[in-house]
Amino acid sequence: MTQSHFLASSLRHCVMVRHRAGNRNPSKEAYLMNIEARPRKGETRETCTAWRLTWTTSARTLERETLRGTYTDARKRWGIRRGQILQQGASYTAPSKGTLGEWLNEWLQLREDDGLSPSTLSGYRLICRLYFDSIKPVSLKNLTPALLASWRTDLIEAHGTTRTSERAVIVLKTALKEAERRERIGASPARFLRPPRPPRPEIQILTPQQVETLVLGAMLLGDKWGRLFSLLTFTGLRLGEALALKRGDIEKTTVGLTYHLSEASALKLGDIGGTEEGHAFRLNIRRSRAHGADNRVIEKETKTQAGRRLVYIAGNGATLLAFQLDNIPDDPNAYVFATAEGKPLSHRNTLRAWRRFIDATNKQITRTRDAKARALPALTLHALRHTYASLLIDRGVDPYTLCQLLGHTDPAFTLRVYGHLYDLKRKEAGKIIADASAIVMGLRPI
């Protein structure tokens, strides 16, 4: 048995002491007390003569007291110290005797009762089932930062620095934080555990020429799939939001000389290969379709308030949407993109159709000029959402407006995802300022 395992197994006694209501001195609040053996080389548990009492205060600082003697002496000192803490106005709560596996099952049930999204809950269950086997049998009171750090190392060795490893660590930290909040443990032993940060993949987008090819393919093929992919490109909707779209969520709108910035952005984007005259629609995004438990697709309200938004579409994108509206029943509850029976399209069939659409469209342009530059690459369907954002950034839309159009909660998240595109615009702004200063100084004619 290694020394680290010996120390982990020696945490025999834990008490959680919670600050009483009315005690105004936070320094008197203690959460966790342990008796740790401090063996020297060659000593066993029976012959160990050094012991350390540790407890965590409300400020998350670790207090220590080391003493020499037998285990019985350490127990006596532990009782004295506990009595002093209780006299200072704290109350004693017995530690949880359950294992981590039992707590994870209870935590998942609590999240389900709180109304957590079925798709998110399904992902949590999958992570808890696959990645915590080595620490599930461990009692909550015996979980230590060293033990969890060892588990994290093994996780990274098995799965690498990937999103899977990152999510597993985040789920464990969240579950133990809830255990601390519900007073099942003291300070969470995972509070110092850092999730691995995998390298973020570079965002892939379509060029303006490739967007024109997509529109051309949608018009030539003339089916619902091309119109759906056109809608995703010109509105930036998530796939689940587009599949949940109903006829009653769409209304015609007219745009005059003065119009909202989001309408102006939609017109500029929708005008690639077209004009500003013609159809214009306002989409009320309220619902989304997503995979839930047992891989079933469910329809639900958007996850956040920011997801419920108005999106405008005009130009070629609106023309293709008008063709699609002409081919569905005149019923507010009719899905815009549906099967022959009127049921909403599935995610899996849509992804398959996207691959077929790329192949069919590229065949249509094989003999055109610049066919290689105009051909659609084998990108994911979500790249159409990134394309929408990149084209708006290229046309000068500010981060806050882009955040609203994409349905993000925080503009900071939008900048984290698309900040490199704004960096390019800043370089262009620097060139503009340089040209302006040259004109002012008389170095260049106006």
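No value in this document is a laboratory result; all are computed from the given coordinates. Everything quoted here is computed from the prediction, not taken from an experiment. Quick reminder, even Gly has a Cβ in these numbers, built from the backbone with ideal geometry, and neighbours come from all protein chains shown.
Run the numbers for Q305 and K372: contour at 0.36 nm per residue of separation, minus the present Cα-Cα distance, in nm.
Taking Q305 through K372 to full extension adds about 19.9 nm, to one decimal.
Between K76 and E112, 0.36 nm times their residue separation minus their Cα-Cα distance comes to what?
8.5 nm
Can you flag which of K303/K343; K224/K343; K252/K303 are past 19 Å Cα-Cα?
Listed pairs above 19 Å: K303/K343; K252/K303.
In square nanometres, what is the average projected area of the Cα convex hull of region 277-427?
With every direction weighted equally, the projected area is 12.1 nm².
Would you mind computing, in nm to one decimal, how far apart the modelled labels at Q364 and T66 are, each placed 7 Å from Cα along Cα→Cβ?
The two pseudo-label positions are separated by 7.7 nm.
Near the amide H of G98, under 5 Å away, which other amide H atoms are found, from residues 5 or more places off or on another chain, if H is placed in the peptide plane?
It is L140, by chain and number.
Collect residues whose amide H, placed 1.01 Å from N in the peptide plane, falls under 5 Å from the amide H of V297; neighbours closer than 5 in sequence don't count.
G292
When Lys and Arg each count +1 and Asp and Glu each count -1, what net charge do the other residues less than 12 Å away from I80, Cβ to Cβ, add up to? Walk me through the numbers before you get to the answer.
Values: positive: R75, K76, R77, R81, R82; negative: E65, D73.
In short, +3.
Quick one: which residues, 5 or more positions from A50 or on another chain, have an amide H under 5 Å from its amide H? H modelled 1.01 Å from N in the peptide plane, none for Pro or chain starts.
R38, G69
Using 0.36 nm times the number of residues separating M219 and T174, minus their current alpha carbon distance, what extension gain do you get? Before the final figure, lay out each step's value.
Details: separation 45, 0.36 × 45 = 16.20 nm, distance 4.84 nm.
Stretched fully, the M219-T174 segment lengthens by 11.4 nm.
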